[in-house]
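The values are calculated or read from the model by the stated rules, or taken from the named source; none is laboratory data. What you are looking at is a predicted structure, and each value in this text was computed from that prediction instead of being measured. Reconstructed Cβ throughout: ideal geometry from the backbone, glycine too, with neighbour counts over all protein chains shown. Just the protein is used for accessible areas: all its heavy atoms, side chains included, with ligands, DNA and RNA removed. Shrake-Rupley method; radii C 1.70, N 1.55, O 1.52, S 1.80 Å.
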Amino acid sequence: MARSLLQSSTATLVARATATETRYSTAQLPPKTRNSRVLILGGSGRVGGSTAIALSKFSPELQIVVGCRNREKGAAMVDKLGKNSEIAEVNIDNVDSLETALRDVDLVVHAAGPFQQAEKCTVLEAAIETKTAYVDVCDDTSYAFRAKSLNNRAKAANVPAITTGGIYPGVSNVMAAELVRATRSESKGEPKRLRFSYYTAGTGGAGPTILATSFLLLGEEVVVYNKGEKIKVKPYSGMLSVDFGKGIKTKDVFLLNLPEVRSTHEVLGVPTVSARFGTAPFFWNWSMAAMTKLLPAEYLRDRSKVQQLVKWFDPVVRAVDGIAGERVSMRVDLECSDGRNTVGVFSHKKLSVSVGIATAAFALAVLEGSTQPGVWFPEEPEGIAIEARELLLERAAQGTINFVMNKAPWMVETNPKEVGLGIYV
């Protein structure tokens, strides 16, 4: 049986990041969890590997278990991590394999995507069965709410679990929660509109998984909320030109079906919510929009067909990534009934680094006892305690080129003007 995680006070942040170099602040974990064993599924991949590296730097005493199917790739990651790391060959589609691996660890980080079109939450179910704390980087609405439906089972097993605990969704949810909290404590108005805008250059160095995720999302109708009404629109429509501030500037973003839209609408009580994503170079946006028109939605929802598409596109994408770079930016806008508008902006030079730091921040929060038993979204106070949010955001933002919260739009924009085309929610 996995060792239990005890509640503890929040660790102290002892250093901050600079814009030129990622300097990891040492996390002062409580004695009971300082030597915890953390299994990272997909640990030899781009997201999982980045998470393993970040965790080992945040807390060198943690025992990192690289969960993978390819032993050669896993060995290369262990060589990179050095001492306090080992390999575990795990098949996430095999319950026996999963439960065997989980019985020997304190926390599992599920980074073995894509999550789109997955029929079961096998890793979370195995974590509940073995009483192992859990974090995933899910970016699929159906999967996230299927995970959430296991809330009572996780409570009964005394298992703390966070779903959608990556960079976006994940850090973006916590940013939104803090904007809403600040507004309700400082303003007489009520939150009226919440808008998530994301930009990644190329694939952000995240490789085939993010490419598969993008293609699969193009097969889903987009859910947005407008004044409390649930609306479905076409994927990669509703373009907005959004100013992400210094280091990124203005980029075009398009509607996608992302889980934070529904979760923040329900948890934070904001009546109008939407999420958009854009990439670069510009012709990738054109290609994504064209795919929604040229390929049937059924084709784009078929994981095997999408994997074949990824094989065809991957060499071209990798070549373009070398030119485009892998900058990433998130902007969260909150508009209120009294006219108050506030934003949060998070930008980093490398998504492949930043996503690991963000995911590691959630893992550390769980190890510190900030998460109650149950399955939670990041914006829920039972998931990340309100008093722990600031530390989580500070950790996640290490190495960023721009990170601001609760500012007026004109204070962060390079050109304080936003032009919208099409649907505006």
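Quick notes on this one:
- Solvent exposure of the range 273-425 as accessible area per residue, Å², 1.4 Å probe: 41 Å²
- Candidate lysines - alpha carbon under 21 Å from Lys232, same-chain residues fewer than 8 apart omitted: Lys192, Lys293
- Amide hydrogen proximity for Gly374: with H placed 1.01 Å from N in the peptide plane, the residues at 5 or more positions away or on another chain lying under 5 Å are Lys155, Val159, Ala161.
- Label-to-label distance, Lys32 versus Glu86, with points set 7 angstrom from Cα along the beta-carbon direction: 2.4 nm.
- With distances taken between every two different alpha-carbon atoms, the range 324-425 has a Kirkwood hydrodynamic radius of 15.5 Å.
- Net charge dipole, the chain: roughly 560 debye, given to the nearest 20, about the Cα centre with Cβ charges of +1 for Lys and Arg and -1 for Asp and Glu.
- At the listed q of 0.25 Å⁻¹, the Debye profile of the range 302-366, built from one uniform point per Cα, gives log10 I(q)/I(0) equal to -1.01.
- Mean separation of Cα pairs under 8 Å and 6 or more residues apart, divided by the residue count, gives the range 48-188 a relative contact order of 16 percent.
- DSSP-defined beta bridges in the chain - what % are antiparallel, rounded to 5: 50 percent
- Local electrostatic count, Ala111, Cβ distance below 12 Å [Lys/Arg +1, Asp/Glu -1]: -1
- Interchain or long-range residues, amide H under 5 Å from Glu368's placed H: none
- Over the range 64-194, the alpha carbon radius of gyration divided by the compact-protein estimate 2.2 N^0.38 Å works out to 1.25.
- Projecting label points 7 angstrom from Cα along Cα→Cβ for Arg153 and Lys188 puts them 4.9 nm apart.
- Ordering Gly165, Ser187, Thr200 by the projection of their Cα atoms onto the charge dipole of the range 148-202, which places +1 on the Cβ of Lys and Arg and -1 on the Cβ of Asp and Glu, puts Ser187 at the extreme positive end.
- Efficiency of FRET between Glu221 and Glu72 - r from beta-carbon atoms, R0 56 angstrom, step 0.05: 0.90
- Taking amide H as placed 1.01 Å from N in the peptide plane, the amide H of Gly166 sits under 5 Å from that of Val171, each at least 5 places away or on another chain.
- Excluding exposed DSSP-loop GluC sites (Glu not before Pro) (at most 16 other C-beta within 10 Å), longest clean stretch of the chain: 222-417
- With every protein chain in place, the chain: carbon and sulfur % of accessible area (1.4 Å): 50 percent
- In terms of distances greater than 23 angstrom between alpha carbons, the cross-link table entries Lys57/Lys80; Lys73/Lys311; Lys131/Lys350; Lys234/Lys305 yield Lys131/Lys350.
- Extension gain (nm, one decimal) between Asp302 and Asn94, 0.36 nm per residue minus Cα-Cα: 72.8 nm
- Per residue solvent-accessible surface (Å²) - the range 30-111, probe of 1.4 Å: 44 Å²
- Each stretch of four or more DSSP H residues adds -39500 (n - 2.57); spread over every residue of the chain, this sum gives -11000 deg cm²/dmol at 222 nm.
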